Amino acid sequence: MSSINLIVMAKLSNRNIAILTENGFEEVELTSPKQALEDAGATVHIISPQADKVKAWDKDHWSVELNVDKVISDVNADDYDGLLLPGGVLNPDSLRTNKDAVNFVKSFFEAGKPVAAICHGPQTLIDAQVVQGRKMTSYPSIKQDLINAGANWVDQEVVVDQGLVTSRNPGDLPAFNKKMCEEFAEGVHTGQHA
């Protein structure tokens, strides 16, 4: 294991990370980053408006169900050191219309805490009004939405902008997971803002 990985592991061992999701998240975009965070020593909670379980989507069909650790109405960003927003078409579309979810997301930016979003996950960031002036990437179909909200959209496998990590699709997960763990290990970023 490289010395950088050991440093990240040491810094994530006392970190609590929230994964905010709804039914219809792309399975691998939640399970792969979650595993990377846990492997690096973080405590990870799945947060959702759903009370018991959330159901994954896997490319073209419904997939596994995962246990929800905490309901969105019962949590506060103060309890977490970082936030992950997995993609999937249905998941962010539901989250962005949920006031508690949008406020939860926005509060991470207000506190300068790192946030990682992949694929369609950045859609929720649009409704939280935190993309203005940020360099980002996403699934190509929401490129124009992000540009219209003021983001500087680029086509790269992973983009890091002051604690905000974004990627395009499941093929980008190795780079996304690495940068997400690094940014979460760094903690609060003064350039992260709402």
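FYI, it's all coordinate maths here, none of it is from the lab. For clarity, every value in this text was computed on a predicted model and none was experimentally measured. Neighbour counts are summed over all protein chains in view; Cβ atoms, including those assigned to glycine, are modelled from backbone coordinates with ideal geometry.
Around K11, under 15 Å between beta carbons, what's the net of Lys plus Arg minus Asp minus Glu among the other residues? Residues near K11 contribute -2 overall.
In the chain, a dipole from Cβ-located charges (positive for Lys and Arg, negative for Asp and Glu) runs towards its positive end, and of F109, F176, N23 it is F109 whose Cα lies farthest in that direction. Of R134, R15, the sequence from fewest to most neighbouring Cβ atoms within 10 angstrom is R15, R134. If only the Cβ of Lys and Arg carry +1 and only the Cβ of Asp and Glu carry -1, the dipole of the chain around its Cα centre is close to 340 debye. Exposure proxy shown here: for W57, W62, the number of other Cβ atoms within 10 Å sets the order, fewest to most, as W62, W57.
Take every Cα pair under 8 Å whose residues are at least 6 apart in sequence, average their separation, divide by the length of the chain, and the relative contact order is 21 percent. Each Cα pair under 8 Å and six or more residues apart adds its separation to the average, and for segment 68-124 the resulting relative contact order is 50 percent. If the chain linking W62 and T190 were pulled fully straight, counting 0.36 nm for each residue of separation and taking away their Cα-Cα distance, it would gain 42.1 nm.
Across segment 145-154, computed HN-Hα scalar couplings (Karplus, 6.51 cos²θ - 1.76 cosθ + 1.60, θ = phi - 60°) run 4, 5, 4, 4, 8, x, 7, 9, 7, 10 Hz from first to last residue, x flagging Gly and Pro. The Cβ shell under 13 Å around E183 holds other residues with a net charge of +1, Lys and Arg each +1, Asp and Glu each -1. The DSSP beta bridges internal to the chain are antiparallel in roughly 30% of cases.
Normalising by residue count, segment 101-194 has a Cα convex hull of 75 Å³ per residue. By the beta-carbon count within 10 Å of each Cβ, the least crowded to most crowded order of Y80, Y139, fewest first, is Y139, Y80.
Determine the sum of side-chain charges near D69: Lys and Arg each +1, Asp and Glu each -1, restricted to other residues whose C-beta is under 13 angstrom from that of D69. Residues near D69 contribute -1 overall.
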